[in-house]
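The values are calculated or read from the model by the stated rules, or taken from the named source; none is laboratory data. Note that this is a predicted model, so its numbers are computed, not measured. A quick note on method: Cβ atoms are made from the backbone with ideal geometry, for glycine too, and the neighbour counts reach across all protein chains shown. Areas reflect the complete protein model, heavy atoms only, side chains present, ligands, DNA and RNA absent. Shrake-Rupley method; radii C 1.70, N 1.55, O 1.52, S 1.80 Å.
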Amino acid sequence: MENEPLLMMPGPVPMPERVRSVMSRQAINHRGAEFGAIYEDCVRMLKPVFGTQNDLYVLSGSGTAGMEAAVSNFCAGKKIASLVNGKFGDRLYQIADCYGDATAVKSEWGTPLDLEGLAEALENGAEAVTLVHNETSAGIKNPAPEVGALARKHDALFIMDGVTSIGGDLVEADKWGADIALVGSQKCLAAPAGLSAISVSERAWDRIVEKRPFYLDMAAYRKSGAKKPMQTPYTPAVPLYLALREACKIIEEEGIEARIARHRRMSASVRAAAAAWGVELFPTLDEHHEYSNTVTAMKIPGGLTDAEFRGAVLDAGIAIAGGQDHLKNVIFRIGTMGAVGTTEILATLAVVQRTFVKLGVKPEGDGVQAAAEVLGCE
Ligand code: PLP
């Protein structure tokens with residue numbers, strides 16, 4: 001048994017033993033053939049997970065580094081429309097505001113995006129659009145294909161954060177017209193934290209800006225990536241690349257379609273538990289938006305505080321996430337990402353259910369049973 005808490009948060013997530021163990025070895029030369037092969041393997045295996053045939057690079061730096069690389073290289077000095085309905089949409093807006101002439105097209109966190117507002121911003125000359133596909137802070141999946149189509153209609157670049165969808169839910173970056181798509185390693189890929197991967201279309205290369213950042217210069221990544229053996233411009237976080245390759249092999253072995261189906265089943269089971277308990281899901285949807293298939297956000301019932309509720313769940317060995325910023329004490333979030341499955345979900349839901357009872361909140365029904373039925377193990 002592990003002594004660590006079971007991480008059922010929207011990242012980081014538990015890493016399979018194979019992924020952990022490949023990191024404990026002697027250092028290797030990052031300019032040599034072995035590293036080049038590792039990097040090439042990561043790129044080859046990640047492309048189908050992104051749904052792209054575009055160039056793809058792995059950056060040493062978490063998801064936010066990928067976000068910053070996207071905006072700073074391709075949108076600096078330009079008019080940018082940033083769609084915001086949660087914390088990470090807002091983060092992309094803040095990055096856009098650092099580098100360009102950014103407008104936030106805002107909705108309340110966890111509510112549908114303002115697509116009319118986006119159309120208006122595009123009519124007013126926005127040259128790039130930023131979107132978070134799966135808004136982790138609110139548990140809502142945003143309509144990437146519709147946003148991509150709007151961007152394309154106005155010949156704007158489309159930057160899509162797939163940090164918590166790529167590797168867990170369906171992403172078709174090329175079909176949706178995502179010029180830039182990006183992922184973080186510690187989410188659905190079930191690799192260690194510290195890497196991001198970013199795909200770049202020909203359209204985006206044509207629009208790369210003159211004055212780029214130094215460390216995250218995508219032209220430098222392109223130049224080093226074309227070398228034989230494949231390289232990164234500066235010393236990469238080599239052990240993390242080793243682990244990422246192993247995580248990608250696991251995805252390839254499972255098959256991306258099967259992995260997506262598993263993620264959908266897992267999140268549906270958590271939603272079934274919420275319905276049985278009578279606990280309200282946080283997002284409000286319309287015909288364009290869906291519940292996230294990788295993280296489920298629910299309102300904390302019965303006036304419990306975040307500290308007492310999640311503290312008691314953690315005491316029982318399970319780490320779930322709370323709400324961020326103004327959603328602290330309002331919602332809690334259960335991640336169903338990466339390598340976890342039936343056992344981890346049922347254990348989590350059993351602990352959450354027992355914690356409700358222990359803290360004096362009586363669930364309407366048996367959420368564990370409802371989830372087990374969805375998972376096909378009643
Ligand atoms: N984008 C989304 C949708 C996220 O969920 C996160 C992190 O949770 C990030 C970006 C930022 O990634 P990182 O924390 O790896 O920098």
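Of the residues that make up segment 186-204, is at least one crowded, with 16+ Cβ neighbours inside 10 Å and either at pLDDT below 95 or part of a helix (DSSP H, G or I) (or both)?
So far as segment 186-204 goes, yes, one or more of its residues are crowded, with 16+ Cβ neighbours inside 10 Å and either at pLDDT below 95 or part of a helix (DSSP H, G or I) (or both).
Please specify each residue of segment 128-144 satisfying the condition of being over 14 Å from V183 (Cα atoms) and either among the hydrophobic types (A, V, I, L, M, F, W, C) or at pLDDT below 95 (or both).
If the condition is that a residue be over 14 Å from V183 (Cα atoms) and either among the hydrophobic types (A, V, I, L, M, F, W, C) or at pLDDT below 95 (or both), then A128, V129, A138, I140, A144 are the ones that fit.
Would segment 121-141 turn up any residue that is surrounded by 22 or more Cβ atoms within 10 Å (Cβ to Cβ), assigned to a helix (DSSP H, G or I) and away from the ligand (no atom under 12 Å from the Cβ)?
Taking every residue of segment 121-141 in turn, at least one turns out to be surrounded by 22 or more Cβ atoms within 10 Å (Cβ to Cβ), assigned to a helix (DSSP H, G or I) and away from the ligand (no atom under 12 Å from the Cβ).
Six or more apart or on different chains, Cβ under 6 Å: which pairs go from a residue in segment 238-261 that's assigned to a helix (DSSP H, G or I) and modelled with pLDDT under 95 to one that's among the β-branched types (V, I, T) and open to solvent by 20 Å² or more (accessible area, probe 1.4 Å)? Could you list them?
none
Evaluate segment 22-41: report whether one residue or more is within 16 Å of the ligand (Cβ to nearest atom), in contact (Cβ under 8 Å) with a residue 24 or more places away in the chain and surrounded by 20 or more Cβ atoms within 10 Å (Cβ to Cβ).
No, segment 22-41 has no match at all.
Is there any pair with a first residue in segment 54-83 that is of a type in the set (F, W, Y) and a second that is within 15 Å of the ligand (Cβ to nearest atom) whose Cβ atoms are under 9 Å apart and which are 6 or more apart or on different chains, and what are they?
Correct list of pairs: Y57/A69; Y57/A197; Y57/I198; F74/I159; F74/I180.
Can you tell me which residue is most open to solvent (accessible area, probe 1.4 Å) among those in segment 73-96 that are at negative phi and more than 16 Å from the ligand (Cβ to nearest atom)?
My answer is K79.
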